[in-house]
Amino acid sequence: MDPSEFRRHGHALVDWVADYLSASPRPPVLARVAPGAVEAALPDAAPEEPESFEAIMADVDRVLVPALTHWNHPGFFAYFATSASPPGVLAELLATALNQQAMLWRTSPAATELEAVATGWLRRLLGLPATFEGVIYDTASVSTLHALAAARQAAMPGVRTHGHSGTGRVYCSEQAHSSVDKGVALLGFGLEGVRRIAVDAAFAMQPDRLAAAIAEDRAAGHVPVAVVATIGTTVTTSSDPVAAIADICRREGLWLHVDAAYAGPAAMLPERAAAFDGWDLADSVVTNPHKWLLTPFDLSVLLCRRMDVVREAFSVVPDYLRTTDGDVKNLMDTGIQLGRRFRALKLWMVLRSYGAAGIREMLREHMRLARLFADWVDADAGFERLAPVPFSVVCFRACPASLQGDAEGLDRLNERLLDRVNATGEVFLSSSRLRGVVTLRLAVGNFQTRLEHVARAWELLTRETTRLLASA
Ligand code: PLP
């Protein structure tokens, strides 16, 4: 592709993306293809001869677009809704063209130092003290793995040289994300190394149960290593009482990692401060700008008060990576990966493009829409809410009078309701289980989601419930 062709295709592609971001009508939010359709539509082998960019884009339209689930769709209410905001999309284009690889300061002074700047801005916006240093990874799962590896290093200083005997214990609530299990298993403590602590009526960890579990484990000869407290759990967005948990961690000498992968940005709102009480006492905090902070996948920030311990766990400097740059930070020392791309650029561009005021406005609007939806659920005798709504997610289910007391019937109805509503292509919701029963989840979080989209979701839910009950 010569420079003039690049310019031509580049302009066409930006037009394609601009049309995609504002498409009307919108494509179905949930892909409607059968498993295997994409593989079947593409050749088994790469072409021997070069193909034109037009031909390649034609296959994007023909084969890939119908198989996209549109995470950037305003009707996306599943899991945690996210946003690839236009400034973030442009930043990705620029970062890719610049092709920075910031393993060492000298291999990209710009990417290395911008990462410190952008994570420093984020830390300040979240109200965390300057003792927290930031590093960018791809996902919260990886951020948490690094935090737990640092916790293991702190609890078992010989681990890096000699390995360990596998009796470490990590504590989190019953509602914590599965990334804790994956991390603990990978660190060699086995899944038995995770102790899930019971939650209260609001799905928050019970600190007295935590203290009891730690005492029990010590008595049994295990090594308590870390507690993962969550602010904004995956299903209900409940928050653990971090201040009380921090107190226990301090007393017991345990690493406290706070998982605020989704809810972290809400710390920018003074009215939500209570949920974050005590998180400044943590050893590490993870939040994902790729969830609720307008940044395209993938960008997770680990803010850590003990980055020296992270470096102690991970730094290995072979001769071929030694430099004479002096007292600089080499990002390869803060994690498992050597090569790393220029992710900081999109966070920096997003924070500048929206400004703190623009971000706060979006967060507040998403929470307002979720509360409105919760009010509609509460006001309808045929539905019930299954959890409080502290942020922008509502857990609820249909519970018509005709099925009251029929637990299996209610689960079946809600599973079918979810399929019916998602089949409309207008919205996409997901489900989980809470205290054994199927819950539907509506998660507001896309930058283009407006009242009309949330209202349409409610309309479809009530319409399809009526139809299902009529056909029963
Ligand atoms: N922590 C929480 C609370 C989550 O809800 C999620 C995902 O939704 C994760 C961690 C994992 O996020 P990631 O996909 O960035 O690994």
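Before moving on, here are some points about what is shown:
- DSSP-defined beta bridges in the range 101-341 - what % are antiparallel, rounded to 5: 40 percent
- Each Cα pair under 8 Å and six or more residues apart adds its separation to the average, and for the chain the resulting relative contact order is 21 percent.
- Antiparallel %, DSSP beta bridges [both residues in the chain], to 5: 55 percent
- Comparing ALA356, ALA374, GLY409 along the charge dipole axis of the range 339-411, the residue lying farthest to the positive side is ALA356, per the Cβ-charge model.
- Accessible area per residue, Å², the range 101-341 with all protein chains present, probe 1.4 Å: 38 Å²
- Atom-type composition of the exposed protein surface of the chain places 55 percent of the accessible area on carbon and sulfur (1.4 angstrom probe).
- Membrane-span-like helices in the chain (whole DSSP H runs, Cα extent of at least 27 Å along the helix axis, mean Kyte-Doolittle hydropathy of at least 0.0): 344-379.
- Taken about its Cα centre, the range 209-348 carries a charge dipole of about 360 debye when Lys and Arg each add +1 at the Cβ and Asp and Glu each add -1 at the Cβ.
- Highest average packing first - 164-173, 216-225, Cβ atoms within 10 Å: 164-173, 216-225
- Over the range 101-341 - Rg/Rh using Cα atoms and the Kirkwood inverse-distance radius: 0.97
- Charge-dipole axis of the range 101-341 as Lys and Arg at +1 and Asp and Glu at -1 on Cβ define it, positive-most pick from SER143, ALA111, ALA273: ALA111
- Full extension of the chain segment joining LEU281 with SER165 gains 38.8 nm, where the gain is 0.36 nm per residue of separation less the Cα-Cα distance.
- Within the chain: Cβ-based charge dipole about Cα centre, in debye rounded to nearest 20 (Lys, Arg +1; Asp, Glu -1): 920 debye
- Segments 236-246, 330-340 sorted - mean Cβ within 10 Å per residue, highest first: 236-246, 330-340
- Computed FRET value (nearest 0.05) for ILE56 with ASP325, which takes r as the C-beta separation and R₀ as 60 Å: 0.90
- Neighbour net charge for MET156 - beta-carbon separation under 13 angstrom, K R +1, D E -1: +2
- Cβ-defined net charge surrounding PRO66, 15 Å radius [Lys, Arg +1; Asp, Glu -1]: 0
- Within the range 1-117, the percentage of alpha carbon pairs spaced more than 21 angstrom apart rounds to 58%.
- Translational diffusion of the range 326-454, µm² s⁻¹ [Kirkwood Rh, Cα pairs; Stokes-Einstein; 25 °C; 0.890 mPa s]: 138 µm²/s
- Computed from phi, the 3J(HN,Hα) profile of the range 60-76 under the Karplus parametrisation 6.51, -1.76, 1.60 (θ = phi - 60°) reads 4, 5, 6, 9, 7, 4, x, 9, 8, 9, 8, 5, 9, 8, x, x, 7 Hz, with x in place of Gly and Pro.
- Spin-label pair ALA12-ASP44: with each label point 7 Å from Cα along the Cα-Cβ axis, the two points sit 3.1 nm from one another.
- Only Cα sites of the chain enter the Debye sum here, all with the same form factor; the resulting log10 I(q)/I(0) across q = 0.05, 0.07, 0.11 1/Å is -0.21, -0.41, -1.00, listed in q order.
- The DSSP beta bridges internal to the range 229-334 are antiparallel in roughly 50% of cases.
- Modelled FRET efficiency - R0 41 Å, VAL33 with THR131, Cβ distances, 0.05 increments: 0.25
- Note on the range 21-74: Rg/Rh from Cα positions, Kirkwood definition for Rh, rounded to two decimals, is 1.04.
- The range 262-364 - convex hull of the alpha-carbon atoms, volume per residue in Å³: 128 Å³
The values are calculated or read from the model by the stated rules, or taken from the named source; none is laboratory data. Because the structure is a prediction, the values reported are computed rather than measured. Cβ coordinates were reconstructed from backbone atoms using ideal geometry, including for glycine residues, and neighbour counts include every protein chain displayed. Quick note on the areas: whole protein, heavy atoms, side chains included, nothing else; ligands and nucleic acids left out. Shrake-Rupley method; radii C 1.70, N 1.55, O 1.52, S 1.80 Å.
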